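The block underneath contains the structure these notes are about, expressed in structure tokens.
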Amino acid sequence: MSSTYVQVQVWLDRARQPAPGAATPDRSGRWFVLGAVCVCVVLHFPALLWPLGADESGFLLITRSWDPQPDNMYGHYWVARPPVLLWMFQAADALGGAYMPRLFVAALAGLMVVAAYRVGVLLAGPVAGRWTAAASVALVGNPYLTAWQAKSESFGMPLVMCSCWLALEALRCPPGRSRYALAAGAGMVGVLAIGMKQNLTGGLVFGGVLLLGSVLRRRLSPREGSVLAGMAFLGAAVPVLAVMAWAIGSGVHLSTLWEMTYAFRSDALETIASGPMDESQERARELVRLGVESGLAVIIGWFVVSFRRASRTQPAVAWAVVAMLLTDLAALVLGGHYWPSYLIALIPGAALCVALLSGVPDRRAGAMMRLLVVLMSLATALALWSHTAEHTDGSVNPGHYYTGMGVGRAARPDDTILVLYGHANVVAASGLRAPYPYLWALPARTRDPDLARMRTVLAGPQAPTWVVESDPGDTWDLDEDDRLRRLLHTRYTYLGPLCGRTIWRRTDQQRPSPFGVDCDRPWWDTWRVQAR
């Protein structure tokens, strides 16, 4: 009896031991990931230090007045973004109001940390997973990259990372239904990222090159590779078909859907290239500086320097990361305006760089990457300190929001407003409707280049009660002949500057003064007013 008991115990002890070559379970990894997710979400607290930005305000204005038409899938307002993004905003707004999209972004950022950790584990083990998760927290948490705002890139970036994760899981999984489901999921999530912003193709590029490299290196048979590609294609088709079905059911022409999501981009690039480039070039220099200071460019640069070491153990993955980074960099350059949020699209690629190098046998390459992650984390901590100080001591104030708030206090409920050019956050803060459909400058410059439609609105019977000149009328040489300026002087009364923006009111409309706003008041004292 006792000998049988001993034999059973020996057998159980052997069963508990990992098989030869199997990865040792990282039992503390779950707690590490949970802690990293919590830190990542907490680092989104700058979302409470500032009112809604121009993009966030514009998306909310569109969703709150959404009325699909055959020639405009959003109705009154016009924006060149896929409906998937606007559905996300609409759902968040319905759940919790204007600030809820930022909470959605924080939750998605936490999901990205989980995906980054898992990618690191798949590529180089639990230690690499932890470093990859830490790098993701540092990059997403840097306030100057503005990933805390509910922007297109902030919604799409975690989906790109999840698409890469699912692609790696599909290749790791043995043949069968699970592998095919993972491949389909990678394709679907990759296209959902494009549904947030059209240039977020990194997940699909990574998965495609990874699959091709695996077949060429005979990690997969051509037949199995073809099946996985087919499943990924089927998964990618699901969001596309869903959007097309919605458009047809809503009475929106498919040509309109194509124009507003893709065809417009080529016209916009031509508009940017043909216009003044001084400001864009200055922002491009600032973007390079921000990329270096945040550590994002340094991480990618070290990967380039150490590419040969990274490609020794994971050649297919290394080349997939190169293709992904090149695609994202090309999209950044072609973006033209070089806003800080452009760098957000590079974060998944940088996380993959950390995953590949932080666990390589080469001590020099791995140790340097780990040191860079530590330095990047310190840079993020300093950036958070600086950003918080600037936005709570009154040294930086939201002039656009205060301007809109001042106009809103003086306006009647049925008043309307027009802002030159774009700056939807002024419109949103005023609480008024804009009769002009273009809430962003680029669509206005591209679709109304001579301002004929704007002048028609200003001269018509439904002319806006208020005009806010946030940018001078001759910005981008849009009013070279001064026709817009003459129209303003003819029909509107100049009231003066308010928080750095010029205010005009229709001469035939009498309203109280909009200047009872303290433009120097720290936002921290009034932020609760915005959440409504």
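What follows is calculated from the coordinates using simple rules that are stated; it is not laboratory data. Please read all numbers here as calculations on a predicted model, not as lab measurements. A quick note on method: Cβ atoms are made from the backbone with ideal geometry, for glycine too, and the neighbour counts reach across all protein chains shown.
Applying 1/(1 + (r/R0)^6) with R0 = 45 Å to the Cβ-Cβ distance of A367 and L95 gives a FRET efficiency near 0.50. Distance between the 7 Å Cα→Cβ label points at H489 and R217: 6.9 nm. Taking each residue as 0.36 nm, the span from R433 to V39 lengthens on full extension beyond its C-alpha to C-alpha distance by 138.0 nm. A Stokes-Einstein calculation at 20 °C with viscosity 1.002 mPa s, built on the Kirkwood radius of the chain over Cα pairs, returns a diffusion coefficient of 85 µm²/s. A straight line joining the Cα centroids of segment 346-393 and segment 437-477 runs 43 Å. The modelled label-to-label distance for the pair T388/E286, using points 7 Å beyond Cα in the direction of Cβ, is 2.4 nm.
The gain in end-to-end length when the E279 to T507 segment is fully stretched comes to 78.6 nm, 0.36 nm per residue minus the alpha carbon separation. Take the Cα radius of gyration of segment 82-225 and divide it by 2.2 N^0.38 Å, N being the number of residues; the result is 1.12. Peptides 59-66, 281-288, 127-134 ranked from most to least packed give 127-134, 59-66, 281-288, packing being the mean of other C-beta atoms within 10 angstrom over each peptide's residues. Projected over every direction and averaged, the convex hull enclosing the alpha-carbon atoms of segment 399-530 yields 7.6 nm². Applying 0.36 nm per residue to the separation of Y262 and L375 and subtracting their alpha-carbon distance, the gain on full extension is 36.8 nm. With respect to the chain, whose longest principal axis is taken over its alpha-carbon atoms, helix 278-294 is tilted by about 30°.
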